[in-house]
C-alpha cells in the first residue's frame, strides 16, 4: 500500500492507494500549522485515519508521498518558504519518517499534481504536459518528455511571477503586474471589491465578503459587471497559457486549484480568448488546440493522488514514465 | 573529422572539426536559395572548400551536421517552413547525403547553436541553458538537464511569438504585439524609421537605409533618440528573459544573432532592466543573476559549431551530455 498526502493551507488530505493505484481509503482534517510539530501530528493522524478506513496495517505501507506548497528539496525532504504553513525551513520528510516509521518522499504540491495528472492519462498520456494551479497563487508543474522537470533550482514553472502588466498591481514579491496579481484568487476578489467600491451596479453589492468564488457565481448568473471581470481573467490567463505553449510545446494543459472550481464556466472564458488568438494567427491556430485544455476531475485531489504516484515510483511499484512500461504494475 | 554547416538566409558557413572538436578548416559563401538544388549545391561547395582547407579527404568525414532555420524533423532530415530560404518542405538531409556520400544530421539553427553554447561550457557547463537568438526573428534553443529539448511538435522555445503587448504592432504570424515585433532586427529598424519620419532630432536623419545596426551605432555614439529605442528594446527583452528564467529555471542565457552584434552595449541595456526588476523584487533578486547573461563569442559561428557537435554526437564521437562522461573523447 502507498499513502498520498496533500498538506494544504486549510486542509490536509490523505489517500491510501493499492499497488494498482486505486484508492482504498481516504481522510481529511483541518490543517493545524501553529507549529511544525502540530503540522506533523495532524498529518500523521490523517494518514492513520485513512489507513484505518482502508484496513491497512502500518507494516503494509511501503512509502508515503507528500505534496506541500513551497520550495521542496526532494532528496532530503526539506521544505522551505511554505509561508501559509509558517514553515521557513523544516525537515518534513525526516519528521514524518520518524513518526510513522515508513519512508517518505516530499514534493512541491503543484509538481505532485502534475505527476498525478500525467499518470491519470494512462498509456496514451501526453508526454509533455503542464499542470497549472490557479488558486491563492499561480504556478505550473511540468512533465517534459515523460519526466517531472524541476529546473536548476527547483523553480521551473513559477509562471505566477512572470511580469504580465508592467504597470499592474503590486505583487507580494515586490514587482508590479505579475500574472498572480491579475488572475489568482485574491486578485479576482480584489477586482470584485473594486467594482463594489466604485458603486457599479452588480449583485456583488449584496455579497458579504467578496471572494473569487462570489465573483464567478455572480458572473455565471449573468451579472454583467462580474462577467467583465471573469472575461478579463480568461483573456489574461489565455494569453499566459499561450505563452506557456510557445515556451514548452506541451500537448496538454490541466488546470486545477481553487479558482478552477467555477468549472466549465471558468474554462470557457479561456477558450474564447484562444479562439480570438486563433482567428488572428496561423501559428496560434496550429499550436493552440482547444482540446489541449482540461480541468482536473471535480472532487478528485490531484495533489494527494500525485503524491501517492510519486511514492509508488520511489517504492518502485511503478515506473516514473507512463509510457513504454506496464502501466500500474507492481514490480516489487 | 566532422563537418558543421550553418545555412543562413544570407550566407552559408562550414567548419571542419577534429575528434576533439577543434576547428581545422573553414569556408563561407553567399547562400543561393533560388531553388533547393542551388541551395544543396552551394552547401556542398562550401563543405568541400572547408575540407580542402583542413586537408581532409571525403573518406575521413564521419558525419555532417547542419543547422538551418525553420521547422526541422531531425529523424528524417526534412526541413519545413524555412521561408527565407524558399523551402516549404524539402528532404535536405537525404539530398546532402546523396551529394556527399556522408551521413547527415539536420537540426533547427537555433537549437544547433544551443548545443554549441552548451558544449562550449565544458565540464562545468550549466545543465539548464537557453540560447536566445535575436535576429530577423526571436527564438530560444533549450538545453534542459543536459539534453536538447524540442517539445512535443519541435516548437519549444518559439518565444518570439509570445504576445507581449496585446495592442502592439502586427506580426507576420497574424497576431499583434508578439515579442518579435518589439525587439527583433526589423522591429528596431522600424522604430528607427518611425523617429526619422516623425522628424525627431537624431543622427538617423542622415542615415541612408535605417537598420537595427544603424540604430545601435547611433545610440552607442550618444544619440538620445536612438538611445531611447535601444533602452526600450533592453527593457522588453529583459522582461522576456525574466519570463524565460521563471518558466525554465535555466542557469545560463547565451544571446546570439544579428542584433547582438552591438555587443556589450546591447547586453548592458538588458542588465539595466534586470537591475530595476531586482531592485523591486526579492524573488527577482534570487533568480535574475546578471552573470547568467552572456553573448556568443564575437566571430564564432555558434550554429556551425553546434551543428558539428550534433554530428559528433550522432557519430558517437562524444556523448550528448557534457557532464558525467569524458569530455570530447573519441569513442568510436
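Overview of values
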| read-out | value |
| --- | --- |
| Of all chain B residues, the one whose C-beta is nearest the axis that brings B onto A, in angstrom | B:247, 2 |
| Per-pair calculated FRET efficiency, R0 = 51 Å: residue B:165 and residue B:298 via Cβ, rounded to 0.05 | 0.95 |
| Exam field: residue B:147 pseudo-label spacings to other copies (7 Å along Cα-Cβ), nanometres | 0.5 |
| Whole-percent pair-distance distribution, where bins are 10 Å wide, for the alpha carbons of region A:100-257 | 11, 34, 30, 18, 7, 1 |
| Kirkwood hydrodynamic radius (C-alpha pairs) into Stokes-Einstein, chain A, 25 °C and 0.890 mPa s, D in µm²/s | 120 µm²/s |
| Hull volume in cubic angstrom per residue (convex hull over the Cα atoms of the protein assembly as shown) | 166 Å³ |
| Partner chain coverage, peptide B:233-241 - average Cβ within 10 angstrom | 1 |
| Listed peptides A:60-69, B:9-18, B:286-295, A:222-231 by packing density, highest first (mean Cβ within 10 Å) | A:60-69, B:9-18, A:222-231, B:286-295 |
| 10 Å Cβ neighbours from other chains, averaged over peptide A:175-183 | 2 |
| Principal axes of region B:184-234: Cα extent on each, largest first, Å | 23, 21, 16 |
| Spin-label pair residue B:73/residue B:147, simplified geometry with 7 Å Cα→Cβ offset, distance in nm | 2.2 nm |
| Angle between chain A longest axis and helix A:109-120 axis [Cα atoms, degrees, rounded to 10] | 80 degrees |
| Theoretical FRET efficiency, 1/(1+(r/R0)^6), r = Cβ-Cβ of residue B:98 and residue B:10, R0 30 Å, to 0.05 | 0.70 |
| In nm, spacing of pseudo-spin labels at residue A:49 and residue A:194 (7 Å Cα→C-beta vector) | 4.0 nm |
| Shielding by partners, peptide B:128-137 (average Cβ within 10 angstrom, other chains) | 1 |
| Ascending list, in nanometres, of distances separating the residue B:268 label from those of the other copies (7 Å, Cα toward Cβ) | 5.5 |
| Mean Cβ count within 10 Å, highest first, over the residues of peptides A:299-311, B:266-278 | A:299-311, B:266-278 |
| Rounded, prolate or oblate (a/c below 1.5 giving rounded, otherwise prolate when a/b exceeds b/c) for region B:262-320 by Cα gyration tensor | oblate |
| 7 Å along Cα→Cβ, label-point gaps from residue B:298 to other copies, nm, shortest first | 6.4 |
| Cα gyration tensor shape for region A:47-114, rounded if a/c is under 1.5, else prolate or oblate | prolate |
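Bear in mind these aren't lab numbers, they're just calculated from the coordinates by the rules spelled out. Here the structure is a predicted model, which means the values were calculated and not measured. Every residue, glycine as well, gets a Cβ built from its backbone with ideal geometry; the counts of neighbours run over all protein chains shown.
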